[in-house]
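Here is the structure we will look at.
The values are calculated or read from the model by the stated rules, or taken from the named source; none is laboratory data. Keep in mind it's a predicted model, so treat the numbers as computed, not measured. Cβ sites come from the backbone with ideal geometry, for glycine too, and all protein chains shown count toward neighbours.
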Amino acid sequence: MDIVAMHKDKKAQAELARKAMQVYEAHRAEWEAQYAGQIAAIEADSGDFFIGPTLGKANDLAYAKYPDKWVYFVRIGEPERAIALRTW
């Protein structure tokens with residue numbers, strides 16, 4: 001989805017967040033035990049995820065497979081700290 005369109009489309013943002021959080025919840029116990037404080041980049045349509053120590057590192061991993069795709073970034077252990085961004 002186009003960057004401007006996604007920012008304007010609240011329904012699409014909510015759907016991306018909902019799908020990504022389903023992935024997060026499915027892996028929550030494992031991730032919080034092993035990767036607390038790191039960042040998960042979740043590609044919501046496929047369920048693929050990439051974990052890195054920083055948003056930039058998680059993005060780099062996600063971008064390698066999903067260039068210019070919207071992904072949901074979540075701080076592991078603090079899922080309320082999340083944001084949808086296009087990989088760069």
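Could you go through the stretch 70-79 and let me know if any residue there is of a type outside the set (F, W, Y), touching a residue at least 40 places away in the same chain (Cβ under 8 Å), surrounded by fewer than 18 Cβ atoms within 10 Å (Cβ to Cβ) and not in a strand (DSSP E or B). So far as the stretch 70-79 goes, yes, one or more of its residues are of a type outside the set (F, W, Y), touching a residue at least 40 places away in the same chain (Cβ under 8 Å), surrounded by fewer than 18 Cβ atoms within 10 Å (Cβ to Cβ) and not in a strand (DSSP E or B). Is one or more of the residues making up the stretch 52-62 assigned to a strand (DSSP E or B), modelled with pLDDT of 95 or more and touching a strand residue (DSSP E or B) at 6+ places or on another chain (Cβ under 9 Å)? Yes: one or more hits. Please work out if V4 is at pLDDT 95 or above and either hydrophobic (A, V, I, L, M, F, W, C) or surrounded by fewer than 13 Cβ atoms within 10 Å (Cβ to Cβ) (or both). So V4 fails the test.
A36 meets each of the listed conditions (1) surrounded by 12 or more Cβ atoms within 10 Å (Cβ to Cβ); (2) small (G, A, S); (3) farther than 13 Å from A20 by Cβ; (4) out of contact with any Phe, Trp or Tyr (no Cβ under 9 Å at 6 or more places or on another chain) apart from (1).
Screening A41, A17, A12 for residues that are part of a helix (DSSP H, G or I), surrounded by 12 or more Cβ atoms within 10 Å (Cβ to Cβ) and under 9 Å from the mean Cα position of the chain (by Cα) leaves exactly one candidate, A17.
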